Amino acid sequence: MRYLIALFIFVLGLYGCSGNKPVAVKSPPSFAAPQPPANFAQIQSEIRAYMASHNESAWWLERQVPESQANKKLTDPLRRNITEALNRLGPTTDETKEIAKAFSKFNVGVVISSKMGVGISSDDLSYPGGKVLIVFYPKEDGPLHPAAVWYDASRKVVFVAAVDWPPAVFTSLLGHELSHALQHQRNALGSVASKELDEWVYEEVRAHTVESQILNRLADGAYYKTLDRLLAESKIVDWSEAYRVLTKGHLDELDLILGTKQAGHKVLNPVVAQHLLVVGMRCIELNVPAEDRKRELIDCYRVTTTRFGG
Ligand SMILES: [Zn+2]
């Protein structure tokens, strides 16, 4: 992502649930009553509790690699992972087909010295034909990067934190960043606009749409289905309130769908940011007439990133 949503963490709060009514003559099948949606402070607590139930991410690249070791042995498995991710994301939509095709050749590297800017393995610099460079950075460089995975348009580099990524998450985040790379190649308005402008925001909306479509497809449709169900149960129809369904229990449920149950914090920061935004986007999809959606999606992005840190 070109931005960072830092999740602000607060203390745990609890909310009650409604009790059963006395049974009349004939009892209908019993369903658990949906819990009332939480308020903003409660959701911050729920997210904190959810994050606390996961560990810090383990990094596989904890120190900068001596140049002599930054060779194909290190980068070949990374190249295979990326190729597999491109194969997985491709069939999602026409746009992801274009992304997979445009970046079927890429360069990959690891940071060997952050003092050099982007220092990568010399083997990989000679890898032919890449239109984008995908660089894994070590733990020590974490503070230098605005997000775990992000696209640096000026250097045409996708930077990736060197942690273990669940395949669906890595695929969807790569799709997000490569959608920016493709827009940038085409000199699209959104890729050159300043951050305050609607065009810039709308490119983010589109990138998050690509990201969530990939996640949803890899989850066999269960991602959207679950968010839509939570919105229906809560009776929330206003996107600015949609985040209130993301209680710890529901975030746990999404873990099972997306394979993030064992994921660490570095992985979950962009994942939770994605849930907070996408639940609002689903609410718009379900409740706003098509002709008004673009405006509302732009507002939804701004409100969500402001509310949860930007
Ligand atoms: Zn982005």
Checklist line | In range of the label at ARG307: residues from region 244-277 whose backbone nitrogen is under 11 Å from the point 7 Å along Cα→Cβ | finding: 244-246, 276-277
Notebook entry, point to check: Is region 156-310 best put as rounded, prolate or oblate by its Cα gyration tensor, with a ≥ b ≥ c the root eigenvalues, rounded for a/c under 1.5, and otherwise prolate when a/b is larger than b/c, oblate when not?
Noted result: oblate
Margin query: Quick check: residue separation of TRP60 and LEU286 times 0.36 nm, minus the Cα distance between them. What number comes out in nm?
Written below: 77.2 nm
Item checked: At R0 = 45 Å, FRET efficiency that the Cβ-Cβ distance of LEU256 and LEU189 yields, to 0.05 -> 0.70
Notebook entry, point to check: Going highest first, how would you order 73-81, 281-289 by mean Cβ packing within 10 Å?
Noted result: 281-289, 73-81
Margin query: Using a Cα-Cα cut-off of under 14 Å, which aspartates and glutamates could be cross-linked to LYS195, ignoring same-chain neighbours fewer than 8 residues away?
Written below: GLU203, GLU204, ASP299
Checklist line | Across LYS73/LYS139; LYS73/LYS261; LYS225/LYS248; LYS101/LYS266; LYS131/LYS266; LYS105/LYS139, pairs whose alpha-carbon gap is larger than 22 Å | finding: LYS73/LYS261; LYS101/LYS266; LYS131/LYS266; LYS105/LYS139
Check: Counting other Cβ atoms within 10 Å of each Cβ, which GluC sites (Glu not before Pro) in region 177-283 have at most 12 and sit in a DSSP loop?
Finding: GLU196
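Computed from the coordinates by the stated procedures, all read-outs in this text should not be read as laboratory data. Every value quoted in this text rests on a predicted model; they were computed, and no experiment measured them. Using ideal geometry, Cβ is built from the backbone for each residue, glycine included, and neighbour counts are taken over all protein chains shown.
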